[in-house]
Structures are given as structure tokens and as C-alpha cells.
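Since the structure comes first, as C-alpha cells, the remarks are kept for the end.
The values are calculated or read from the model by the stated rules, or taken from the named source; none is laboratory data. Nothing here was measured: the structure is a model prediction, and the numbers come from that model. Backbone-built Cβ (ideal geometry, glycine too); neighbour counts: all protein chains shown. Side chains included, ligands, DNA and RNA excluded: accessible areas come from the protein's heavy atoms. Shrake-Rupley method; radii C 1.70, N 1.55, O 1.52, S 1.80 Å.
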Amino acid sequence: MLDENVIWGEKGIWQSSLVVSGCVAAVSALLFLLQSVLHSTYVKADVSRDNADLSCIQRHIERVSGSVIFAFRCARLFCCIALLVLSVTGAASPPGIQHARLDFQIGNFWLDLSLCGVYTYTVLLSLVSVLASQPFSKLACVHLAIVLAATWGIYVYRDIWPLATFTLDPIDAAEGWLLWTKFALLSVAGVLIPLAAPRQYIPLDSENPREPNPEQTASILSMALYSFMDPVIVKAHRAPHLKLDELPPIADYDMTEPLIKKSYPCLDPFELKKDRHIFWGLLSVFYKEYMLLTVMLLVRVPTSLASPVGINRLLRYLETGGEDAIVRPWVWISWLFFGPVIGSITAEWYMFLGTRITVRAQAIITSLVFDHALRIRVKAGSDNSAVTASGISAPTALDTSSFLDSSTASHSSPDSEEDTIHPKSIDSSTINKQISEADCEGSSTSETSQSLVGRLNTLVTIDVDKITRARDFVMLLVMVPLQAVLSLWFLYSVLGWSSFVGFATMLTLAPLPGYIASRTRRIQAEKMKKTDARVQAVTETMNVIRMIKLFGWERRTADQIAGKRQEELIWLKKYNLMSLSINIMTFMIPLVTMLVTFSMYTLVMKQALTASTIFSSMAAFDLLREILNHVTFMTPWIIQGKVSLDRLQDFLQKTEVLDRFASGNIEPTAPVEVAPEVIGIKEARFTWANDNDGASTPGCQRRKFSLRIEDELIFKRGHINLILGPTGSGKTSILMALLGEMHYIPLSHKSFVNLPRDKGVAYAAQETWVQNDTIRENILFGSPFDEERYNKVIMQCALKRDLSLFDAGDQAEVGERGLTLSGGQKARITLARAIYSSAEILLLDDVLAALDVHTARWIMDKCLKGDLVRGRTIILVTHNVTLTSLTADFVVSLGTDGRIASVGSLDVALAKNIKLLEETQHEDQYSNTAVRDIDELILDAPTRVSEDGKLVVEEEVAEGHVGWAAMKLYGTALGGSRPLLFWLGSAGGVFLSNLMAAGQIWFLGYWGRQYEIHDDPREVHVGFYARIYSLLLLVLAATFCFSWSTWIIGSFRASKKIHQELITSILGTTMRWLDQTPVSRVITRCTQDIDAIDSTLMEYVFWFMEETLDMLVRFCAVIAYSPIFSIPGAIIAGVGALCGQIYMKAQLCVKREMSNAKAPVLGHFGAATAGLTSIRAYGAQEAFRQASMRHIDRYTRAAVQFNNLNRWVIVRLDTLGGIFATSLAVYLIYGTNTPASSVGFSLNMAVSFAAMILVWIRILNTLELSGSSLERIQQYREIEHEPQPTLAGVPPAYWPSSGGLKVDRLSARYSADGPRILHEISFEVRSGERVGIVGRTGSGKSSLTLALLRCIITEGKVYYDGIPTDSVNLEALRSHITIIPQVPEMLSGTLRQNLDPFEQDTDAVLNDALRAAGLFSLQSETDDGRITLDTQIANGGSNLSVGQRQILALARAVVQQSKLLILDEATSAIDYATDAVIQRSLRSGLGKDVTVLTVAHRLQTIMDSDRILVLDAGRVVEFDTPSELLKMGEGILRALVEESGDKETLYKMAQEASAT
């Protein structure tokens, strides 16, 4: 027997282990004194927060950290005093007891004296921790914990470790009860209290402390077990849904602002002191976290070997009967518990730190990209991009819904009908001109805003995700080599050199999955092409779904999409089969490796394959397989992360910034020569990019644009300044130059550009920009609310009537990109923002372009001549010379080459610019033809918002778990027509494969048992057992392949059926539902949610079934050897299931809130990026930074809780698994005489079963999350639908033979509970008649056209060619009536595909339709850019003007050859000459029996109609020939004509129509 006195001999007291505690205490005392002196030099007492009402003791307790922490410190003081008393008592004990101590001969007096000194020191430290002020008490606590922990460790070594051996005895056993009492007190004071005592909250900012997160005050033990999450989990379990505000507050060190302060010096290119890659910057920001990650891995890897070592030693003990054993079996049994549990704690701490790095890095990088975006120049691109209603393509802000749900966004025009819930004003008279004359130079920030938004969104979503996912590179550097070395060392100690053969076999076979994976990637690429084609088809379908419904194309469209879906599913099936090959390889390689290793060990080395060798080496081989998996899966992540980091680096370092941020920039102003109040430019050139030639200007021409001011241009302060010029002359560029948005190039030493900003600058962009907020907040834009001023702005900007259309008034939300507003409304809100601001200088960029003439006149008279702009400087870019000339005090005229043509009065400008004069004359004529209405609505009856301002119906968020109806949908779709056969093949095959998997492990134990039976290993027939084992592996692989293949076939069938039902449901829904549902939300269902069913759901349902059956097999295997263990096993499984249930309930809540919190981050980011110029012009960068930080903090608040919930459940389930395996080992070792091979098999089953509990819970959780996609699809299958086609609704084959139309007492409403918008309308139109429909705002014109097509709820009768339309199937009705809406919708592809999407007509027919629509009259055969059938049309027709799109939509209607043609403002964006050509073509090109109903603003368009129908308030008030209606003295039509500027022409047209 070895003990300390034998080892030390007579070397003295310094050899006793008890001396260590005295040395630790001495060193601690010296350091404590030194630190106390240092602290006392700068620490001041903080009494500012003392509460005068509290007693002295209470104030002290509060200062020390609160009553709980104070109580723990008092308890520790009591323990230290008790230890001192016991130590003194022991030193004064009778000599007999002292002589009984093993180390008495070494000088027990001095040892006892040193211990008394140690405990005296701990008492003093405890008193300091209780009585001293905050800094000293905290310092004392640290030293006290170290000294007590060191002393406790010494006693563990002296008196606890010997109990774990067969050969040693406790050194201090003679002390009896004193020893165990001291050890208990030491355990409490040195271990329990430091681990269980809450930590003190120390705010980052002591001046502004925040409410602490429970994590910040949690004890070490609570942090290790994540017990601080218990209140959140309990609250989530009890509540139906846990909202974001109910989650714990965000910790101050996770908030964005302190993170920015900490990280920007290492990351921001404007704060970096040296040029380096951003990777090193991130590493310097998170170096402490990565040091801790390395420590966690260094602890985790050795603990992973605890189970193999424990199993090996236990089985070895059983095999030898305990012969020569030194350590008792319970020690190795404890390894089965503490190894996995400690490994789990360290692994989860690694994940805790890693996910915290992820969340913080997301916040930092998002803020960094956002801040840098505020500095960059919005360069002009060269795309031949779309022209929208404002004359240029509008920037597409980030679609929050699509980013939240899918990568597929809806990029349709913000003014398109499908994105509009509230009916929009058609402020259209001036729009038409601007469409045909897009101001190319003015679009400098339009298309490029689109590309910029897309690029930045990619950076903060996809790239940030890839960067943070690559955070685990440290695992490849630390864990992989260390675990490989330790695993090989263990295998070598067990199997000898045959382990290297096995490892070589694994390395040889490892490339096989990689090779198959490379082929799988090629298949995946092809599959993604087919997916992209389907997604593109679905996206375009949803963007033009109203057109599809109006034309009755639902069935043919569904067939088209189904064809693309079929092609996609074929490649999906190939991909899944290749994935099966990878899974089989990954599963079989370790088994084959073991077979080779064991064969080598037995056949070549002639060694006995014992149970201890088999089952411990199996666990070690699993560790090697884990390493290979890490390398295989993490290497692509790290490569992708490196690529994304390089992209971020390029953005930060190479993106061009504004001149004022660029290094070495030229100072644009010369303060000595230029007065501060001067607004102007002198001798300078401006380009859209900092290069020699300038960037190409977007829009209608591809050219390089350069603005040149060769003399001096000084604007008049306090007056209205006009900037005029023909299209593409550089009007907007002058404003951009003043704002510093363009690159400044001085032409001489006298050059300058100056825009005083001290009194504020306001800017109203031509491409109107609004935020996703209320109308009021868009106007206020951060300014304080002044009711009187605000009401004046509303009145002067002609917004009063618009606000009256909303139940919520100015509290109505405008939606993403202002989708609830018309172009004119957005333009006036943008103008109102500038007028309301206190800025002295207003830069207005063609704000009248989106307004009709009467609204523009109102703006000029009431606003720009009003009191709110008096004394302010206005620089107005405009085409509308007629309206603005009378108010202008200074006019700048530009030529076509970007140079100043004239400066001074309007007469001078017109005299020097012939082209401008021609445009002005045309404008005069054009303005005289304006209609009386200011804001005509696209839909006469508005879709009213609710009183809270919400316009779009909020998406339903399911609470709790995924519903049974949704899972039943998938389950029945899987089985198809033969569900029993399918489930027998899939589930039966899985069960059989799991049975074989357990069987092959049992067979290895059986093989090893033969060496226990035979004394000579050569007597065992190794070849026989190896062949049987190989056969088992083949059967295992075959059954798994069969079950997986069966599952693939079933999932293929389910994916096809669910997608088809979803598309059919959406295409068959009502217009009302489409109005209330954003297109992006619908697209998400058809893209991301379908993708979840194709991939995640399909895989995880299978894995859930597989894991469940595998757990059942392994649990039954354990019970087979230990029947009595079924009860504790069931209890542990039940507790694990309960933990999982509670966890999933909480995680689903937090996950939903996290997704909801992510949307505003991306929405604000996209909206701000789209409005960079406006934000910089107003100087609102800091306000947007603060808003961005608030959004990020809300997301971080949810994301941190989401990650911590995962840690919570994993630690508990791993602990339960350890308890299960350990308790089974105790039973098998101490309670039975089971052979070693059977014990090894049982332990293998138990350990794997314990690990599977966690895997099962995580699979079920992922299944729940992906099942929400199924639930959303189920919701869309149950939406409201239009009447389904019936056999009785099929009309006769000859129908319609004529265009006769009879309307009898027709009433209509938009919803079942909504008001009537048409009131018992009756009229009759003869076949072949041309009827014009006019009326004032809200009279019901467009509603009538929708009612005729049964797109809204109707009452009464409509007879089309003698048959009631309500008796005809909707597809038949709509396919025989053609309507052309005002906002035409186009598909991407060729013009031929747009005119004939289903390939039913010849090119000759299509060209005739184009000729009839008037296209050929606008272009000649020699035009290079003429439109032909092969012309490519961009998505939404974005490469065409609205006028061109209307012509093509008219041609498409002609192709339909319907007997009834409805034109709803179909030519509103076309000039009069072209309109006249189209009207003549329609008269001659259409059949004599074709009836034409024309809704028009322009009276010239309908004045030559056979009859005119006048509506007012949803009723027919006039219906007769034009000539007869003009004879009515008080008639509405006559009033409109009389107020028109060309009434003589209109009277003449009416007379000619009457004559013909």
C-alpha cells in the first residue's frame, strides 16, 4: 500500500499535499494586498443611487449586489468560520488521534498551523466580501473562491480518490467525523456556493444602467445548465403564444450600439488605421470568444473518449473477473455519465459562444454595410431599364414578406394593380407625356437603386449567413487533429497496428461519398434550373394573376405550370436517389472499416476479439467517422464563408463613395471666393462615376453623360428657380450635383459647387420614395408635429380628399414601396414631406410629372404660391412649362448635351432652345384636353382600410404545434391510391433495416463470445463469422435502399399533388382575396413552402419514422437483457419526451417572433437603400442609423433566446441519456452475472438510445418548423373560391354568336358585408355598338366592367348574347369577353409569347393584331429598335413604356377575337395622334358584330361612340347618343365638354358620329 509518508519519507513538511493550500493562500494574500492598493487609488464611493428611505444595512446590501448574493456570502462566511473552528479543534485533539494520522511524522503541528492560517485567511476574505464596498468585496470573492477550491481539491486527492481504488486508503481517515464535516463544509463553501451564487450585474454604461438579462445575473451552474431559461420556457408552455415583448430584455453587451463602438475601429474602412482583410478584423473583435471556443474544444475532445475508455475497462473487468484491477468499476461507470455530460456542457458552451458570435456578427456586419451604404455613390448603370409612371423605373425596395419567407421576391411595379389594395388615383395627364419622354439623365438613382438594393440585400442576408456559418473553422484547426490523434491512440492501445489498417481503409473509402456528392451537385444544378423555370412561371403568373382571371386562362395556366413542375420533379427524384447513395456510403464505410480491422486483428495478428475490444473500438471508430463528417461538411462552408468575406471586403474597400468621403477628394467649394449663402456651380463638370468618361446613363439611351457648367450658375435665394430642358438634357443632374451625389471635376481654379445646409435642405425625388409607415410619419419624416402647419400642408398638396378615402386617415399605412398608394399620391406625399420640413432650400425634381393638369394647377396655386414656401428657395425641375412659368423668378434652360443653354427669364430660354419651345407648345395643347377630375380612381369603389390603418390582411400565424389537418394532407398524399402498400414498403423496410443494424452489433458480440468459450483463438472460425457479418451488412443496406426508394416515390407523388392543389386553389380564388393578400405572400407559398415539402419535410418525416423505429428496436434490445430496466427506461424516455414537448412549444413561439423581428431589419434596410439620395439630402442618416439599430436589437432579442433554448434542451437530454446508460451499467455490473459480450451489447444499445433521444427531439422540432410550410399551404387550400365549373355551366358551341349585351337591375359590391357600389343598373347594348362610359370620381365605371365579368359580388341579371352570364362557367364567360385594364400586364419572354401564351395562333394573325392596335403606325421598317414578334419583353414589361404596353395589351385583346371588348382606360398613356390611329384601326379591324365598351378620361376617345353611358354614384344617369346628350342643358356629359379646352372639337366629333 502506498501513502504519503512512504513516498515522502523524511524529506520534510514541504512534501505534504496539505502545504499546497497554505502556499496558495500566501500567494493570494500578497496579490490581494497589491490589488487592493491599486483599487484604492481610483475607486470612489458611489452613493448616488442610495435610497434615503432605506436603513444603513439595507443600503449596504443593495450596494453589495442585493439580498440573494449577500445571503450566499453570509453563508460562506459561516462555513469558513466553522472550518476554522474545526481546524483548531483538530489541532488540539488528543495525541492518540494525531499519532493515528498517516502523516503525523512529517510535522503535524506545522501542517495544522498552516491549515488554521488558511482558514483564518478565508474568514477575513469572507468578512471583506460581506462588509466592504463593491470593488473590494468582488476582489475578495475571487480570492476566496480560489483558496477554498484549492483546499477542496487537496482533500479530494487525499481522501476521496483512494476510495475509488482497491489499493489506497484515505490519508486523513483517522480524523473520523471531523474529516467528513470539514469536507462537507469545504464542498459547500468552495464548490456549491461559487457555482450556485448569482453573479452581480455590472452595466456596460454605469450612467445608464438597463434592466439586466437573466443571463447576466445567472450563476455559473445556471449558465452551465441554462437554468436561467426556465422562466421563459414555463411562460411559453402556459401561454398560447409568447410575444417578443414578453421575452427577457436584450443584454447590454449584445446591443448594436456598444458592438459598433467596439468593432468599427477594427472593421470600418474609415476608422481602420491599416489596410487588412476583414477576416483579421473580425478575429480581433471576437478574439476572446475564439480563445474560449478553443478551450471548450480542448475539454470536449478528451471527454468524447470517456465512453470508449469506460466501456473498455468495464468489460475488461468482467472478462478478467477483476483480477489485477486497481480502479473500482463504479469509477468507469461514472465515466459513462460524467464524460457525456461534461462533454455536452462544453459542447453546448461552444455552441453558446458560437451562436452569440453569429448574432453579434450579424448585427455588426448589417450595421457596417448600412453605414457604408450611406456613403456610397448611387452610380448610373447602363441597363435599358423600365420606364414607369414617373418617367423612370422606380426603385424596388426590399419585399419584407418574401425575404422572411423566401428568396423569391415580387419585383413588380409599385404602382401595379396586383400590389395595390386601395384604389389609386390616376394622376395621369402629365404621366403620359413623361412615359414617352423618359428623362434619361434623371434616372441616375433609379435602376441603380434596384441593383444596389439587390446587392446590399444579398450582403446582409446570404453573405452574412455564409460568413457566420463558417465561424467553426476553429474546429478544423483544433478538434479534428486532436480527436484524430486521441482516437487513433486509443484504437492502437486496443487493436494494435490493425487500427492503422482500419484507418487507412476509412481514408481510402472516404472519397467515394465525395465523388458521388460531386455528381449529385451536377444533378442538383440541373434540378435548380428546372426549379427556377417553375418559380419564374409561378412568379409571373402571380404577378399577372388578375389578367389571367380576366381572360379565363386559369386552367391553361395551371397546365403550363404543372408541366414545368413535372420536369422539376423528375430531376428531384434523381437527386434523392443520389442522396440515398451518399447516405448508404456514409453509413456503410465505418462498418466496412470495422470488418477489415477486426479481420486483420484476428486473421493476421491472431488475437482474440474480446467484447472489451469490440465495443470500445466501435465507439472510437464512430469518433473517427465524426471527424471525417466534420471535414466533409465544414470545408465547403468555410470556402463559401471566405468567398462571402471577400465580397464584403470588396464592397467596403472598392465601392465608390461620395466625393466628401473619398480620400484625397477635391474640395468643391472655395470659402474665400464664395459667400456661404450662395447656391450655385461654377466652371465644373459632373459625372455619375469617378472615372475618365463618366458612367453610362440609364434609361432610354445607352450613352455616357456628363454635366458641364462652363460659366457660373447662381440660383436666386428666396425665389422659385426653374430648371427646364428637353429629355436627357441633365436637369436632375444639376440637383444631384448640388447635393454632392455626382462626381465633381473642377474645370479651373475658380471652380466651386455650393449648397448651404445650415438652414436645412429638403428634396422631393422624381422617383417618389416612401417608407413602410403611416402617411403622417412619411410627411413628418422625424420633424415635430405642428397641427396647424400639418393641416396646411395636407390642403396645399391636395391630399385632403385622398385621406378621406381611408378610414384611418393619415394613420393609414402605405405598405412596402407605398403599394397602397397611386403614383400621384406618392408624389404628393413626397412633396408634402419637403414642404412640411423646416428646410430653407427645397429641391423639387419634377414633382408635377405624376399629376394630372388640374392637380398640378392646384399644387402651383395653393402650394408653390402659398405662405408655407414664402421666403424659401425652391429649385424646381419640370417639363410643365405652362403651369410653372408664371411663378418662376429664374429659369435655367439646358441643351441636349448637358450644357447650359440659357439663364434668365422664360422668354430667353424658349428663344434659345427650339426643342424646348416645341415641347412647351405641345404641353399647352395637351393641358387643354385635361379632364375635370383631379384623382380618378382605378377602381371606383375603394377597398377601404380598417380603422387602425391596416390595409393588407395580416397573415395568420398558427399557435402551438402543426395541426393534424396539415399532416394528414401530406400523409394521404404520400400513400396515394394504395396507402397500405406504401406504408408497408417504407415503414416495414425501415423497421427491418433497424433490426438488422442492431443485429449486426449483437453478432459482433456473439463473435467475441467465441473467444471466451475457446481457450485458443485459432479454434474460432474467423472466416465464417466474417462472411455472416458481411451478409448482415448487405441485407442491412438492401432493406434501407428499398425503404428509402419507396419513400422517394411516395414523396414524389405527394409533392406533385400538393403543388397542383395549391396552384388550382390560388388560381380559383376571388379578386377580393387577391386584393387583400400581397403577391409576395402568395409567391412564397408556391416557392419556399413547396420547396420545404420537396426537401426538408420529405427528409425529416422519413428520418422521424426511421429514428422512432430505431429507438424502439434499441430500447427493446436493452429490455431483452434487462427486463427489470423497462420501468426506469420508460420513465427516462417519458421525461425526455416531456422536455422535448416543453422545448418545442417555446421554440416555435420564439422562432415565429424571430422571423417577424427579422422582417423589419430587412425592410428598413431595403427601404433606406432605395432612398439613399433623399436620406442624405435631408441629412437624416443618423436617424436611420438609430432606427436600424433598434430593429437589429429586436431581432437579437429573439435570436439569443432561440439559440439558448436549443442549449437548454440538449444539456437536459444528454444528462438523461447519461443517467440511462449509467444506471443500466450499474445494474449489469452489480446486479447480474451477465457475460461481458452481452453487457457490451446492452451498453452499446443504451448509449446509442440515449443519444437518439436528443436526435429524435431535434428531428421532431425541425419537422414542426418545416411543417408550418405545410400548414400555410393547407390554409391556402381553404381560401374563398369562385364558383367551380359544372357541366350545366357549359354554354352552347355557337355561343356567343353576337355581341349583344343586356343588363337588368345589376347591383354589385366588393364584399358580402360591404356597401353597394352599383345600384340596380339597367341598359342594353346592341351587337356591334361602340359605347363610351364616363363619369365622375367614384361613379362606378371600372366596377361595372368587373361586374360584367363576375369578378365581384353581383345581384341582378346580365345577358350576353341572350344567355344569363350567371348560368355560364366563369372560364367560358371570361374567355369570350376581352377586357384591357388601364395598367397592362406583360410576361417575360418574346412578344409572340405575350400575345399568344398558349401557342394557338399564327404569326400572320399576331402581326394583324399589332397593326390593328396601332403599333406599326408608330414605327417604320427601318427603325433599329422597332418592336417585332421576337422582341424580348422584360418581366412586367419593364423595358417598355406604359404606352407601348397598352398598345401590346390592345393587340392581345384583338387576338382573342371576342364579341365583346372592354377598354378600361386602355389608351390613357398614349398620345392623341396614336390614340386616333388606334380608334380608327379598331373600327376597321374589328368585326361588325363586335361590341366595344370604352371607359375613358379623354372625351375625344369616346366622343365618336354610338352611345355614351354616364354613371354617377353607381347609377345610370345618362345613356344616349353623344349629340343627344350634348343637347341636355344640365347634363353631366355636356358639363364636362363645356369645361374642356377643346369643346369645339368635341362637338364636331359628336355631330360626325351622329351623321354616320
Between a residue in the range 247-274 that is farther than 30 Å from E1153 by Cβ and any residue that is open to solvent by 20 Å² or more (accessible area, probe 1.4 Å) and assigned to a loop (DSSP other than H, G, I, E, B), which pairs come within a Cβ distance under 6 Å, given they are 6 or more apart or on different chains?
P265/E271
Among the residues that make up the range 128-138, is at least one of them outside any helix (DSSP H, G or I), out of contact with any strand residue (DSSP E or B) (no Cβ under 7 Å at 6 or more places or on another chain), aromatic (F, W, Y) and touching a residue at least 24 places away in the same chain (Cβ under 8 Å)?
no
All but one of (1) touching a residue at least 40 places away in the same chain (Cβ under 8 Å); (2) surrounded by fewer than 17 Cβ atoms within 10 Å (Cβ to Cβ) hold for A1293, so report the exception by its number.
(1)
Given the structure, is L178 in contact (Cβ under 8 Å) with a residue 60 or more places away in the chain, open to solvent by less than 10 Å² (accessible area, probe 1.4 Å) and in contact with a Ser or Thr (Cβ under 9 Å, 6 or more places away or on another chain)?
no
Name the single residue, out of those in the range 793-809 being crowded, with 19+ Cβ neighbours inside 10 Å and closer than 20 Å to K862 by Cα, that is modelled with the lowest pLDDT.
D802
T1286 vs. criteria β-branched (V, I, T), open to solvent by 50 Å² or more (accessible area, probe 1.4 Å) and outside any strand (DSSP E or B)
yes
Where residues in the range 679-695 are open to solvent by 20 Å² or more (accessible area, probe 1.4 Å) and among the polar types (S, T, N, Q), which of them is modelled with the lowest pLDDT?
N692
On the given criteria, is V142 part of a helix (DSSP H, G or I), over 30 Å from L1205 (Cβ atoms), aliphatic (A, V, I, L, M) and without any contact (Cβ under 8 Å) to a residue 40 or more places away in the chain?
yes
Among the residues of the range 771-781, the number that are open to solvent by less than 30 Å² (accessible area, probe 1.4 Å) and modelled with pLDDT under 85 is 0
Scanning for something open to solvent by less than 30 Å² (accessible area, probe 1.4 Å), at pLDDT 75 or above and in contact with a Lys or Arg (Cβ under 7 Å, 6 or more places away or on another chain), does the range 1452-1463 turn up at least one residue?
no
Residue hits (the range 1192-1248; among the acidic types (D, E) and within 23 Å of K1158 (Cα to Cα)) are D1193
Being over 23 Å from V37 (Cβ atoms) and either part of a helix (DSSP H, G or I) or modelled with pLDDT of 70 or more (or both) is the requirement here; does L148 meet it?
yes
Just checking, how many residues over the range 1211-1235 are in a helix (DSSP H, G or I) and open to solvent by 10 Å² or more (accessible area, probe 1.4 Å)?
11
Lone unmet requirement of (1) among the acidic types (D, E); (2) touching a helix residue (DSSP H, G or I) at 6+ places or on another chain (Cβ under 6 Å); (3) open to solvent by less than 60 Å² (accessible area, probe 1.4 Å) for E271
(3)
Residues that are at negative phi and exposed (fewer than 14 other Cβ atoms within 10 Å of the Cβ): find the helices (runs of 4 or more DSSP H) completely inside the range 495-555 holding 3 or more of those.
498-509, 511-543
Return yes or no: is G823 surrounded by 18 or more Cβ atoms within 10 Å (Cβ to Cβ), within 18 Å of D845 (Cα to Cα) and modelled with pLDDT under 80?
yes
Only one of A196, A236, A189, A218 is in contact with a Ser or Thr (Cβ under 8 Å, 6 or more places away or on another chain) and surrounded by 20 or more Cβ atoms within 10 Å (Cβ to Cβ). Can you tell me which?
A189
What is the number of the single condition among (1) within 26 Å of P1285 (Cβ to Cβ); (2) surrounded by fewer than 23 Cβ atoms within 10 Å (Cβ to Cβ); (3) modelled with pLDDT of 75 or more that T1378 does not meet?
(2)
For the range 723-770, which residues satisfy the criterion of being among the hydroxyl-bearing types (S, T, Y) and buried (at least 23 other Cβ atoms within 10 Å of the Cβ)?
S729, T732, S733, Y744, Y763, T768
If you check D1193, D1214, which single one turns out to be under 30 Å from F337 (Cα atoms) and of a type in the set (D, E)?
D1214
Please return the ranges of helices (runs of 4 or more DSSP H) entirely within the range 1000-1107 where 2 or more residues are in contact with a helix residue (DSSP H, G or I) (Cβ under 9 Å, 6 or more places away or on another chain) and surrounded by fewer than 17 Cβ atoms within 10 Å (Cβ to Cβ).
1022-1067
Those residues of the range 1500-1545 which are among the hydrophobic types (A, V, I, L, M, F, W, C), touching a residue at least 40 places away in the same chain (Cβ under 8 Å) and farther than 23 Å from L1318 by Cβ amount to M1503
Take W330 and tell me if it is surrounded by fewer than 20 Cβ atoms within 10 Å (Cβ to Cβ) and over 23 Å from Y492 (Cα atoms).
yes
Does the range 1259-1290 hold any residues that are basic (K, R) and farther than 30 Å from L1373 by Cα, and which are they?
R1272
